[in-house]
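J.: Sharing a structure here in structure tokens format.
The values are calculated or read from the model by the stated rules, or taken from the named source; none is laboratory data. Just so it is clear, the structure is predicted and the values come from calculations on it, not from any experiment. Don't worry about glycine lacking a Cβ; one is built from the backbone with ideal geometry, like all the others, and counts go over all protein chains shown. These area figures cover heavy atoms from the full protein model, side chains too; ligands, DNA and RNA do not enter into them. Shrake-Rupley method; radii C 1.70, N 1.55, O 1.52, S 1.80 Å.
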Amino acid sequence: MRVLVVSAPLLGHVFPLVPLALALREAGHEVVVATGGEALKAAESGLPVEDVVPAGVHFGRIAARIVVTHPLVARRELRGSGELGFVSRLFGAVGNAMTAPLRELAARWRPDVVLHEPLAAAGSALGVPSVVQDVSLFDGLRLTAAVSARMDAETRSPATVLRTAPASLAEFPGGRPMRFVPHSGAGDVPGWLAEPSGTPRILVSRSTAPGPGAGTMMAAVVRAAAHVDAEFVLVRPDRTGGLPDNVRTTGWVPVPAVLPFCDGIVHHGGAGTLLAALAAGVPQLVEPGPGDRTVHATAVAERGAGLKAAAGDVTPELLTTLITAPALQAAALEVSTELAKMPSPADIAAEWENIIT
């Protein structure tokens, strides 16, 4: 069977699809990934990748137009309201740009089914059955419907949805559960980061997507770090000089490979990092923010598997709590166990034909 995997042109959208795409190929299916921009890095996995995003598509420009034409929608987005007015317009515009190249690819390659992430709703406009894979703690069907409603092309309802969120944090009706398997691309891990440090280690990451205040949380952690008995590792920091003695830096690293050697992680609330930390059983401090980030931060904090805090609320005491509170550690391990019991991508690939009929 030919499976076309469709993602919006962002790393955080394509990477969660790669484990299932690889499992489908291992099960004997032909697989091609269709995306664009930075998400073309999915080719590093060995999967064939097609660029279906026109060169003139820029998220910043589209977002700026929405801010001008729908200022109230933009303000709600920045507050992290969890509403879909902004995100549906943004990805609806991207989907419109992707539709013609996708249809050209589909006419040439003739897929039997499309697997797509919720914000790549153009994948459901190709006239073949489609499957949606959740990649966050939002309902993928609701996200897909919201984006589809903003698109010019006619889309069709998916055959099913694969639910990757642990039920104790987010549970939605319908679909099939599938274990979230973290994937963050290729990259060398420094030797010192691939082993325990001898003291508690806190990884500090930030979004791969540009946006307002992208480095604010990392700067707040640095200001507090000298007063915490831990080693801090900044991933892709803005600066590497003038840091406290217990703060180290690294470039791009595959976060899932590093998390087993960490006692906590501080991050922006992106779904990939959040779910990777849950899978590893590592307590997390999540910064609320635009889009889905406030929803994610709230869900993790309410589950007890982490903390929710804005950059201005970061203190040495809060960071110490992250790595010493037994309740946080216990809840994080409970969620990790919950995820491990869900069907793997290989399990889903083994019954793929039954899933789409």
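J.: Against the condition open to solvent by 40 Å² or more (accessible area, probe 1.4 Å) and over 24 Å from Glu317 (Cβ atoms), how does Val181 come out, does it pass? Reasoning before the result, please.
T.: Values: open to solvent by 40 Å² or more (accessible area, probe 1.4 Å): yes; over 24 Å from Glu317 (Cβ atoms): yes.
Against the criterion (open to solvent by 40 Å² or more (accessible area, probe 1.4 Å) and over 24 Å from Glu317 (Cβ atoms)), Val181 qualifies.
J.: Among the residues of region 105-135, which ones are within 19 Å of Phe59 (Cβ to Cβ), open to solvent by 10 Å² or more (accessible area, probe 1.4 Å) and not β-branched (Val, Ile, Thr)? I'd like the intermediate steps shown before the answer.
T.: First, the residues of region 105-135 that are within 19 Å of Phe59 (Cβ to Cβ): 116-123, 135.
Checking which are open to solvent by 10 Å² or more (accessible area, probe 1.4 Å) leaves us with 119, 135.
Across region 105-135, the qualifying residue is only Leu119.
J.: Could you check region 227-262 and list, in sequence order, the residues that are aliphatic (A, V, I, L, M) and touching a residue at least 24 places away in the same chain (Cβ under 8 Å)?
T.: Keep residues of region 227-262 that are aliphatic (A, V, I, L, M), which gives 228, 230, 233-235, 243, 247, 253, 255, 257-259.
Residues satisfying the conditions are Val228, Ala230, Val233, Leu234, Val235, Val247, Val253, Val255, Ala257, Val258, Leu259.
J.: Moving on. If I go through region 69-120 residue by residue, how many of them are among the β-branched types (Val, Ile, Thr) and touching a strand residue (DSSP E or B) at 6+ places or on another chain (Cβ under 9 Å)?
T.: Initial filter on region 69-120 (among the β-branched types (Val, Ile, Thr)): 69, 73, 87, 94, 99, 113-114.
Still in the list and also touching a strand residue (DSSP E or B) at 6+ places or on another chain (Cβ under 9 Å): 113-114.
Of the residues in that region, 2 qualify.
J.: Additional query: What strands (runs of 3 or more DSSP E), lying completely within region 249-357, carry at least 3 residues that are over 24 Å from Pro190 (Cα atoms)? First the steps, then the outcome.
T.: On the way: elements: 264-267, 284-286, 306-308.
Those strands (runs of 3 or more DSSP E) span 306-308.
J.: Restricting attention to region 305-323, does a residue exist that is closer than 23 Å to Leu10 by Cα and either open to solvent by 40 Å² or more (accessible area, probe 1.4 Å) or among the polar types (S, T, N, Q) (or both)? Spell out how you get there, then give the answer.
T.: At the first step, the residues of region 305-323 found to be closer than 23 Å to Leu10 by Cα are none.
No, the conditions are met nowhere in region 305-323.
J.: Only residues that are within 23 Å of Leu339 (Cβ to Cβ) and among the small types (Gly, Ala, Ser): list them for region 159-186, please.
T.: Listed by number, the residues that qualify are Ala165, Ala167, Ser168, Ala170, Gly174, Gly175, Ser184, Gly185.
J.: Still on this structure, I have one more. Identify, please: which residue in region 16-41 is without any contact (Cβ under 8 Å) to a residue 40 or more places away in the chain and aliphatic (A, V, I, L, M) and is, among those, farthest from Val94 (Cα to Cα)?
T.: Here the answer is Val31.
J.: Identify all residues within region 325-354 that are more than 22 Å from Ala170 (Cβ to Cβ) and either free of Cβ contacts under 8 Å to residues at least 12 places away in the same chain or in contact with a Ser or Thr (Cβ under 9 Å, 6 or more places away or on another chain) (or both); write none if there are none.
T.: Within region 325-354, the first condition is being more than 22 Å from Ala170 (Cβ to Cβ), and the residues that meet it are 325-326, 346, 349-354.
Within region 325-354, Pro326, Glu351, Asn354 meet the criteria.
J.: Which of the following residues is among the β-branched types (Val, Ile, Thr), in a loop (DSSP other than H, G, I, E, B) and under 25 Å from the mean Cα position of the chain (by Cα): Val222, Val189? Can you show your working first?
T.: Values: Val222 fails: in a loop (DSSP other than H, G, I, E, B).
Residue meeting the stated conditions: Val189.
J.: In region 150-165, is there at least one residue being under 18 Å from the mean Cα position of the chain (by Cα), of a type in the set (Gly, Ala, Ser) and either buried (at least 23 other Cβ atoms within 10 Å of the Cβ) or farther than 19 Å from Pro118 by Cα (or both)?
T.: Filtering region 150-165 down to residues under 18 Å from the mean Cα position of the chain (by Cα) leaves 161-165.
Next, only the ones that are of a type in the set (Gly, Ala, Ser) stay: 165.
When the remaining residues are screened for being either buried (at least 23 other Cβ atoms within 10 Å of the Cβ) or farther than 19 Å from Pro118 by Cα (or both), the result is 165.
Yes - at least one qualifying residue is present in region 150-165.
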